[in-house]
1. Among bridges DSSP assigns within the range 2-82, what percent are antiparallel (round to 5)?
2. Give, in nm to one decimal, the length gained when the segment between Glu17 and Glu32 is fully stretched (0.36 nm per residue of separation minus the Cα-Cα distance).
3. Taking the Cβ-Cβ separation of Lys81 and Ala59 as r and a Förster radius of 22 Å, what is the calculated FRET efficiency to the nearest 0.05?
4. Within the chain, what's the longest run with no trypsin sites (Lys or Arg not before Pro) in a DSSP loop and at most 16 other beta-carbon atoms within 10 Å? Give the range, please.
5. Place a point 7 Å from Cα of Thr71 in the direction of its Cβ. Which residues in the range 32-55 have their backbone N less than 12 Å from it?
6. Under a 10 Å cutoff between Cα atoms, tell me which one of Glu17, Glu32, Glu41 has the largest fluctuation in the Gaussian network model of the chain.
7. Counting only C-alpha contacts under 8 Å and six or more residues apart, can you give the relative contact order of the chain as a whole percent?
Amino acid sequence: MKIQIKVIPGASKEGVEWFGNMLKVKVRTPPEKGRANAAVESLLATRLGLAKSAVNVVAGFTQPFKTVAITGLDEDSLRKKIG
């Protein structure tokens, strides 16, 4: 499954919430050399109870709006876990 997300790097606290039809993901990591993307993948995997390898940024690597591929979860389960 692929979803659209908006990333807020360098946030004061980390979190995941719905932002319209996409997710807003806040990470403390600054947007340097892909570290924020790695932090997004790790945070989403942890929050969704998945392995880190099941969550991958696939588009928008240098943009705040990104596409993330999630393996092993359907949209209904995603909505339940994020609330």
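1. Values: 14 of 18 bridges.
Expressed as a percentage, antiparallel bridges in the range 2-82 total about 80.
2. Full extension from Glu17 to Glu32 adds 3.1 nm.
3. Numbers: r = 23 Å, r/R0 = 1.02.
Between Lys81 and Ala59 the formula returns 0.45.
4. Longest site-free region, per DSSP loop and neighbour criteria: 34-83.
5. Residues passing the 12 Å test: 51-55.
6. Of Glu17, Glu32, Glu41, the Gaussian network model singles out Glu32 as fluctuating most.
7. Relative contact order here is 32 percent.
Rule-based calculations on the coordinates, nothing more; no lab input. Bear in mind the structure is a predicted one, so any value in this text is a computation, not a measurement. Counting neighbours? That spans all protein chains shown, and the Cβs are built from the backbone with ideal geometry, glycine included.
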